[in-house]
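> So that we are looking at the same thing, I have put the structure below in structure tokens.
The values are calculated or read from the model by the stated rules, or taken from the named source; none is laboratory data. Quantities reported herein were computed from a predicted structural model and do not represent experimental measurements. Positions of Cβ are backbone-derived with ideal geometry, glycine not excepted, and every protein chain shown enters the neighbour counts.
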Amino acid sequence: MNYICALKNTLNILKTTRNLVLFAVIPLLFALILPSCAENGTTVTETETETEIITETETEAEAETIPAIETETGPDTAAETEEETTADVTAEPETAAETTVEETTGEQTTEAETTTPPVTETEAETTKAYENALGFKADLSAYEKYMEPEDKDGYLLLVNPDHPLSKDYKPSDLTYIKDKREGRNDRLCLYAAKALEALVKEASENGCKKLASVSAYRPYNTQKYIFDTDVEKLMQQGYSKEEAIAIERKDTAYPGESEHQSGLAVDVLGDGMRLYEFEGTYEADWLAENAWKFGFIIRYPKDKEEITTYVYEPWHIRYVGRYHAKRIYDTGMCLEEYIEYLANNE
């Protein structure tokens, strides 16, 4: 009986000891296990909490940052930026192309107009003043120096029966005329030829039929052939040689007496016109009123036949330069009268 009681007591002691051991060991086990788990990332509660905090913090930061980024570089803005970039990139080639075209055009124009000297500032101012006064519709600035030459007295050569040219006379600066009838190779002195270009340009701007040269420079031998041929025709009609020469000299200059030999005179007609159809036309009236602006005069005007010895020729214009052409036009003199006037009123 005592043995049984002792055994029970022993068992009770063992249970108590076991519980004490368990209570003592378990905390030690936790103390050993938890640091190891923390090192291996197996901590659950604290790690997850920290991760949630970090994630929330980053998300908030991104939430504050993203709207600002989208405002500047969002899809629409990016497209606009690409378009602007493309436009900027494209603009340079276009500008370069425009510059190249303008520069190239300028160079080509310069090469094409090598025969026309550059206009100085003084000439440009003079041109502007004249264009305002004369009312040119065409841009004739490149021709100004030809219409009003610096040597204003250099073209007052008088050619008539009392002042003939030698059979060897030939101008040194003969230039082919730009505006001439088809099939012709007419020439004039340089300044007269360029002034005629200006006249034709302005005439076209004012509604004239295309004016063109039908006769310009003629050498002595050519004039002699024309005169002699016409005299022969008159003689075949029954006139004596003296009578035929007298009649012909009213219409055609005797060799050496023709202004055409000077290279300063030209006969101009409208497109398709003949000489004796010209009088009374719009073109003839315009020429009579405006020829002086380009340095020309109507060489054989009406009511001056006794002085010039030639009948009225509205188509025959003579270059003297604008300075003298204006004075001749204003006074109503013919060239013979004007030169005599200058000689008596130096």
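> Output yes when any residue across segment 254-264 is out of contact with any helix residue (DSSP H, G or I) (no Cβ under 7 Å at 6 or more places or on another chain) and surrounded by fewer than 16 Cβ atoms within 10 Å (Cβ to Cβ), and no when none is.
no
> Just need a number here: residues in segment 143-171 that are of a type in the set (Asp, Glu), crowded, with 17+ Cβ neighbours inside 10 Å and in a loop (DSSP other than H, G, I, E, B).
Final tally of qualifying residues: 1.
> If a residue must be touching a helix residue (DSSP H, G or I) at 6+ places or on another chain (Cβ under 6 Å) and either outside the structural domain of Ala195 (by TED's automatic domain parsing) or free of Cβ contacts under 8 Å to residues at least 60 places away in the same chain (or both), how many such residues does segment 279-297 contain?
Qualifying residue count, segment 279-297: 2.
> Next question. Step by step: first the residues of segment 132-157, then only those that are closer than 26 Å to Met333 by Cβ and among the small types (Gly, Ala, Ser), then the one that is farthest from the chain's Cα centre (by Cα). Which residue is that?
Gly154
> Would you be able to say whether some residue in segment 225-244 is closer than 20 Å to Asp267 by Cα and either crowded, with 19+ Cβ neighbours inside 10 Å or in the same structural domain as Glu182 (by TED's automatic domain parsing) (or both)?
Yes, segment 225-244 has at least one match.
> A further question follows. Do any residues in segment 316-334 that are free of Cβ contacts under 8 Å to residues at least 12 places away in the same chain and crowded, with 22+ Cβ neighbours inside 10 Å have Cβ atoms under 7 Å from those of residues that are of a type in the set (A, V, I, L, M, F, W, C) and in a helix (DSSP H, G or I), where the two are at least six apart or on different chains, and which pairs are they?
Matching pairs, first to second residue: none at all.
> Considering only segment 265-279, I want to know if a residue exists there that is among the aliphatic types (A, V, I, L, M) and surrounded by fewer than 16 Cβ atoms within 10 Å (Cβ to Cβ).
yes
> Take the residues of segment 108-142 that are outside any loop (DSSP other than H, G, I, E, B) and of a type in the set (A, V, I, L, M, F, W, C): which is modelled with the lowest pLDDT?
Of the residues in segment 108-142, the ones outside any loop (DSSP other than H, G, I, E, B) are 108-112, 121-134, 141-142.
This time we only want the ones that are of a type in the set (A, V, I, L, M, F, W, C), so: 112, 124, 129, 133-134, 142.
On the way: Ala112: 38, Ala124: 56, Ala129: 52, Ala133: 75, Leu134: 88, Ala142: 94.
Among residues in segment 108-142 that are outside any loop (DSSP other than H, G, I, E, B) and of a type in the set (A, V, I, L, M, F, W, C), the one modelled with the lowest pLDDT is Ala112.
> Just one of the numbered conditions (1) under 17 Å from Cys189 (Cβ atoms); (2) crowded, with 22+ Cβ neighbours inside 10 Å; (3) within 40 Å of the chain's Cα centre (by Cα) is not true of Glu283; which one?
(1)
> Continuing with the same structure: Inside segment 260-282, can you point out the residues that are touching a Phe, Trp or Tyr at 6+ places or on another chain (Cβ under 9 Å) and of a type in the set (Asp, Glu)?
Asp267, Glu279
> Please find, within segment 182-199, the residue that is surrounded by the most Cβ atoms within 10 Å (Cβ to Cβ) out of those that are touching a residue at least 60 places away in the same chain (Cβ under 8 Å) and closer than 16 Å to Glu283 by Cα.
The qualifying residue surrounded by the most Cβ atoms within 10 Å (Cβ to Cβ) is Leu196.
> Give the number of residues within segment 149-165 that are touching a residue at least 60 places away in the same chain (Cβ under 8 Å) and either small (Gly, Ala, Ser) or more than 30 Å from Pro255 (Cα to Cα) (or both).
Result for segment 149-165: 1.
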